[in-house]
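Colleague: Handing you this structure, nothing more for now.
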Amino acid sequence: MKRFSYSSLETYKKCPAQFKIRYIDNIRKPDESIEAFMGKRVHEALEYLYNEVLDGCIPFFDHVVDKYNSNWQDKWHNRIGIVRTEKSTNYYKSLGEDCIARYYRKYSPFEEPLVGNEIELNFAIDKDGKYVIKGIVDRLDHDGDGNWEIHDYKSGKRALTQSQADKDNQLALYQIGLMSKDKEIKSVKLVWHFLQHGIKVESVRTEKQLRDLSISIKKQIDKIRSQMNSGGEFPAKESILCNWCYYWEECHVQNGANPFIK
Ligand code: SF4
């Protein structure tokens, strides 16, 4: 494998078998959880909002929600899993709307020094380009004076505490990516928006923390590559997360298809 994403590395930690099926055997499916489906629609609505802001106008709240609802309708498909069977589709749809409403109320009139939305990163964490990472930054801000902020929108029900955010690797990895570009950088702040809670958590990293993160990511990639090269096993790790996994047909510890796809 030439390039790794943060989510692929996380998948490997949670279940090496799922990693192999998805990223080595390259089996892709339309199946997804309703939480993931809702999260994508919320991200699209916020992307629309900030693209309008970049174009110099602030969209009305109703227009942002209309965007969310039309995308929800247009992109709905019949391979969406609902694991929490006591909750309805409408529950999740409203939850996404509430996330957008809360965010809109809190940040209107959106004066953040925005540089862009959904920015694709592709960068090496070593000099020789052997360890390449790809990722997408939800939003990037820059005050024009070398002070950057990497923003991430989370629509799930779990919010990170400050100490969890200080240890979280995803945005720190994106910081390494940002710093590898030829930009003036005085400071980088990592910012998470936990949309169900209406809270923002911020964190910064030291140079040593970033160096240590690079080393640990390289080690993880080395481990995966050596397993691949030696034909080693990618063991299945059964857990509660199997409910949200859509590779039951390919997984040797499961029977049949994921039962939560209706
Ligand atoms: S069903 Fe569970 S054990 Fe099997 S690949 Fe998916 S997460 Fe891993």
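The values are calculated or read from the model by the stated rules, or taken from the named source; none is laboratory data. Please read these numbers as outputs of a predicted model, since none were measured by experiment. Cβ sites come from the backbone with ideal geometry, for glycine too, and all protein chains shown count toward neighbours.
Colleague: Quick one: would you say Glu233 is within 16 Å of the ligand (Cβ to nearest atom), modelled with pLDDT of 95 or more and part of a loop (DSSP other than H, G, I, E, B)? Reasoning before the result, please.
Modeller: Values: within 16 Å of the ligand (Cβ to nearest atom): yes; modelled with pLDDT of 95 or more: no; part of a loop (DSSP other than H, G, I, E, B): yes.
Against the criterion (within 16 Å of the ligand (Cβ to nearest atom), modelled with pLDDT of 95 or more and part of a loop (DSSP other than H, G, I, E, B)), Glu233 does not qualify.
Colleague: So, one more: Being more than 16 Å from the ligand (Cβ to nearest atom) and in a helix (DSSP H, G or I) is the filter here, so list the residues in the range 1-19 that pass it. Break it down into steps so the answer makes sense when it comes.
Modeller: Taking the range 1-19 and keeping what is more than 16 Å from the ligand (Cβ to nearest atom), we get 1-6.
Of everything in the range 1-19, just one residue is more than 16 Å from the ligand (Cβ to nearest atom) and in a helix (DSSP H, G or I), namely Tyr6.
Colleague: Looking at Arg225 and the list (1) under 16 Å from Tyr12 (Cβ atoms); (2) within 16 Å of the ligand (Cβ to nearest atom), which single condition is not satisfied?
Modeller: Among (1) under 16 Å from Tyr12 (Cβ atoms); (2) within 16 Å of the ligand (Cβ to nearest atom), Arg225 violates only (2).
Colleague: Turning to a different aspect of this structure: Yes or no: Val253 away from the ligand (no atom under 16 Å from the Cβ) and closer than 30 Å to Lys87 by Cβ?
Modeller: Working: away from the ligand (no atom under 16 Å from the Cβ): no; closer than 30 Å to Lys87 by Cβ: yes.
Judged against the criteria, Val253 is not a match.
Colleague: Being under 30 Å from Thr89 (Cβ atoms), touching a residue at least 24 places away in the same chain (Cβ under 8 Å) and either within 12 Å of the ligand (Cβ to nearest atom) or outside any helix (DSSP H, G or I) (or both) is the filter here; which residues of the range 20-44 pass it?
Modeller: Once the filter is applied, which keeps residues that are under 30 Å from Thr89 (Cβ atoms), touching a residue at least 24 places away in the same chain (Cβ under 8 Å) and either within 12 Å of the ligand (Cβ to nearest atom) or outside any helix (DSSP H, G or I) (or both), the range 20-44 yields Ile21, Arg22, Ile27, Lys29, Pro30, Asp31, Glu32, Ser33.
Colleague: Sort through Ile34, Ile58 and tell me the only one that's surrounded by 19 or more Cβ atoms within 10 Å (Cβ to Cβ), at pLDDT 95 or above and aliphatic (A, V, I, L, M). If you could, list the steps in order and put the result at the bottom.
Modeller: Values: Ile58 fails: surrounded by 19 or more Cβ atoms within 10 Å (Cβ to Cβ).
After applying the criteria, what remains is Ile34.
Colleague: Next question, about the same structure. Restricting to the range 236-249, name every residue that is under 20 Å from Ile82 (Cα atoms), within 9 Å of the ligand (Cβ to nearest atom) and not hydrophobic (A, V, I, L, M, F, W, C). First the steps, then the outcome.
Modeller: Here is the first cut: in the range 236-249, the residues under 20 Å from Ile82 (Cα atoms) are 238-249.
After this cut, where a residue has to be within 9 Å of the ligand (Cβ to nearest atom) as well, the list is 238-239, 241-248.
Result: Glu238, Ser239, Asn243, Tyr246, Tyr247.
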